[in-house]
Amino acid sequence: MPPTSSRPRSFWDDAVVYQLYVRSFADSDGDGVGDLGGVIRRLGHIAGLGADAIWLNPCYPSPQADHGYDIADYHGVNPDYGSLETFDRLVAEAHARGLRILMDLVPNHCSDQHPWFTAALAAGPGSPERARFVFRDGRGDEPPNNWQSVFGGPAWTRVTEPDGTPGQWYLHLFTREQPDFDWRNPEVLAYFDDVLRFWFDRGVDGFRIDVCHGLIKDAALRDWDPAGGSYNAYSWNRPEVHEIFRRWHALAAGYGPDRDLLLVGEVWVPDPADLDAYLRPDELHQAFSFDLLVQPWEAAALRGAIERATARTQVHGAPAAWTLANHDVHRAVTRYGIVRPEPAPESNDAFAALMRPRGEVDAELGGRRAGAALLLLLALPGSVFLYQGEELGLPEVQDLPDEARQDPVFHRTGGLEKGRDGCRVPLPWTADAPAFGFGTGKPWLPQPEWFAGYAVDVEERDASSMLHLYRRAVRARKELRLGRPGPVEWLTTGADTVLAFRRGDLVCVLNTGSTRFAAPGSWGEVVLASDGSDVVAADSAAWFRTTGS
């Protein structure tokens, strides 16, 4: 692919995308669960941030074993969230505000209540119905191989056959309620072609694709040597997976240039260079640059991640998709605020310790660093994905009672891993309202009392709040066209704890150290600072621009 600057412009070249966890955003009907009606009601908040698009976490019919990532029907809307008519109204009202809609596609697995899987259980071994999934005979009373579930425990569950006898085993790389499809089966390929067309025809502007690297498994289902670590190369990142993305790229392109449809992948790989194959000109348009998200608060580490990602952009022309938070990781304030790290428990998830680190947290320190990281993020070329609640500076809710936790990660590990509930607690909108304005019913996850201080109405009244910083920063990013394609020119700072780079006539400086950094006068004057000052204090960032530029 030629460099981004020489191909037709797409909205994702420099988009600001707001990731919306529907269940926790806003509840319009008082049942304690966020819904599409709540999203419609709060579209002004998203538009007010300056977002260009919304990514909706799964809102399909689902028994909610993994809160929507176990899909029973890929062609509908969960009744808890609304209906197809509600969805169509959301798309229309979002488009009227200039907001595009991205959906979450979950192709690796479905729900065990999906009609295909219930039919497979009823049909028995050797049937065409079972061939849509990864069913295998065991090794006596043992599973077909030693693979482990990302969420804890074995990746295989044995079924009882229609005649009542113990039978075959089926593969689930996540929970037992999420059976993996067999993507070598042409029926599966055709089914998902139909799913993509169904939603594209309803006006959806693209998909975030879940677990892109997991769709194809080793054909022989060989045992994985535990000495190789928890990243099982027989279940992840197989070379045949790329044929699927070429097929989908062609499908999206078939809608013509006026639709500008996006395919952005969730691809977790040990070596960031492995992302290159997913970004070839006829595959995914983007893949998340998780490398930056998992770096410690160190200037050299952050710079290295940026250099690796921008190098891929130069080769493939695919703009980077940057993010510092999502529904699977601890909130940035908490990650950056850890002052006394604790060892992580053993995990089947190779990235768990990086995504959800443990330790004593200084929330004030984490808040300063999260604000600084925002300016770093927004100064980079490409698109950025902002997770709901980050604009409020919310810390992770770490002290949820065990009986309230719903994440299968918590339950499948026997509580060794607390899981992801802490970043999914329903948002606070109004400090003195029931459920902090989330809705009139009891929220599906309990909100701590300290959420009142982070409510939208409180931050609206405070010009120094994280909410106002987000608005100023996104607005300035657009005015200065910082997301546009172009080089990141690194500048000498003379300090190992400070990184600085130039984008056009703007210089971004991030200070990860404990003392103030004095920027050279030639870099210009501060146009925006994470702490509102005109210097680059410890754990802060600033944008400089020459007067008159």
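The values are calculated or read from the model by the stated rules, or taken from the named source; none is laboratory data. Worth saying up front: this structure is predicted, and the values here are computed from it rather than measured. Glycine gets a Cβ as well: all are built from the backbone with ideal geometry, and neighbour counts include every protein chain shown.
Wholly within segment 288-379, which helices (runs of 4 or more DSSP H) include no fewer than the required count, namely at least 3 residues that are modelled with pLDDT under 95? Correct list: 299-316, 352-355. It is to be established whether one or more residues within segment 422-440 are assigned to a helix (DSSP H, G or I), assigned by TED's automatic domain parsing to the domain that holds residue 19, within 23 Å of the chain's Cα centre (by Cα) and in contact (Cβ under 8 Å) with a residue 40 or more places away in the chain. Among the residues of segment 422-440, at least one is assigned to a helix (DSSP H, G or I), assigned by TED's automatic domain parsing to the domain that holds residue 19, within 23 Å of the chain's Cα centre (by Cα) and in contact (Cβ under 8 Å) with a residue 40 or more places away in the chain, which makes the answer yes.
For every residue, the table says whether it meets (1) in contact with a helix residue (DSSP H, G or I) (Cβ under 9 Å, 6 or more places away or on another chain); (2) modelled with pLDDT under 95; (3) in the same structural domain as residue 30 (by TED's automatic domain parsing).
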| residue | (1), (2), (3) |
| --- | --- |
| 65 | yes, no, yes |
| 83 | yes, no, yes |
| 86 | yes, no, yes |
| 104 | no, no, yes |
| 121 | yes, no, no |
| 133 | yes, no, no |
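Note on segment 479-514: residues that are touching a helix residue (DSSP H, G or I) at 6+ places or on another chain (Cβ under 7 Å) and of a type in the set (Gly, Ala, Ser) amount to 1. Residue 237 meets all of the listed conditions (1) under 24 Å from residue 326 (Cα atoms); (2) touching a residue at least 60 places away in the same chain (Cβ under 8 Å) but one, namely (2). Any residue that is under 15 Å from residue 328 (Cβ atoms) and either crowded, with 24+ Cβ neighbours inside 10 Å or aromatic (Phe, Trp, Tyr) (or both) - is there at least one of those in segment 377-385? The answer is yes, given that some residue of segment 377-385 is under 15 Å from residue 328 (Cβ atoms) and either crowded, with 24+ Cβ neighbours inside 10 Å or aromatic (Phe, Trp, Tyr) (or both). Number of residues in segment 256-287 that are crowded, with 17+ Cβ neighbours inside 10 Å and part of a helix (DSSP H, G or I) equals 5. For segment 214-228, enumerate the residues that are assigned to a helix (DSSP H, G or I) and either modelled with pLDDT under 95 or surrounded by fewer than 21 Cβ atoms within 10 Å (Cβ to Cβ) (or both). Matches in segment 214-228: 226, 227, 228.
For segment 238-255, a residue qualifies if it is closer than 22 Å to residue 309 by Cα, in contact with a strand residue (DSSP E or B) (Cβ under 8 Å, 6 or more places away or on another chain) and surrounded by fewer than 22 Cβ atoms within 10 Å (Cβ to Cβ), and exactly one does: 249.
Looking across segment 94-118, the residues that are part of a helix (DSSP H, G or I) and surrounded by 15 or more Cβ atoms within 10 Å (Cβ to Cβ) come down to 94, 116, 117.
Using the structure shown, decide if residue 112 is touching a residue at least 24 places away in the same chain (Cβ under 8 Å) and touching an Asp or Glu at 6+ places or on another chain (Cβ under 9 Å). Yes; evaluated as a whole, the condition is true for this residue.
Among residues of segment 392-409 being closer than 24 Å to residue 362 by Cα and not in a loop (DSSP other than H, G, I, E, B), the one that is nearest to the chain's Cα centre (by Cα) is 392.
When segment 529-549 is limited to residues that are touching a strand residue (DSSP E or B) at 6+ places or on another chain (Cβ under 9 Å) and more than 14 Å from residue 511 (Cα to Cα), the one that is modelled with the lowest pLDDT turns out to be 549. Candidates in segment 496-549 are the residues that are without any contact (Cβ under 8 Å) to a residue 12 or more places away in the chain and assigned to a loop (DSSP other than H, G, I, E, B); of these, the one that is farthest from the chain's Cα centre (by Cα) is 548. It is to be established whether one or more residues within segment 72-89 are of a type in the set (Ser, Thr, Tyr) and in a helix (DSSP H, G or I). Yes - at least one qualifying residue is present in segment 72-89. Of the residues making up segment 430-441, those that are surrounded by 15 or more Cβ atoms within 10 Å (Cβ to Cβ) and touching a helix residue (DSSP H, G or I) at 6+ places or on another chain (Cβ under 9 Å) are 430, 431, 433, 436, 437, 438, 439. Only residues that are in contact with an Asp or Glu (Cβ under 8 Å, 6 or more places away or on another chain) and over 19 Å from residue 186 (Cα atoms) were counted across segment 126-146, and they come to 3. Does residue 235 fit the bill of being crowded, with 18+ Cβ neighbours inside 10 Å, under 22 Å from residue 266 (Cα atoms), among the small types (Gly, Ala, Ser) and not assigned by TED's automatic domain parsing to the domain that holds residue 125? In short, yes. Each residue in segment 173-191 was checked for being surrounded by fewer than 22 Cβ atoms within 10 Å (Cβ to Cβ) and of a type in the set (S, T, N, Q), and 1 pass.
Would you please name the residue that is farthest from residue 153 (Cα to Cα), looking only at residues in segment 393-425 that are buried (at least 21 other Cβ atoms within 10 Å of the Cβ) and of a type in the set (Gly, Ala, Ser)? Result: 393.
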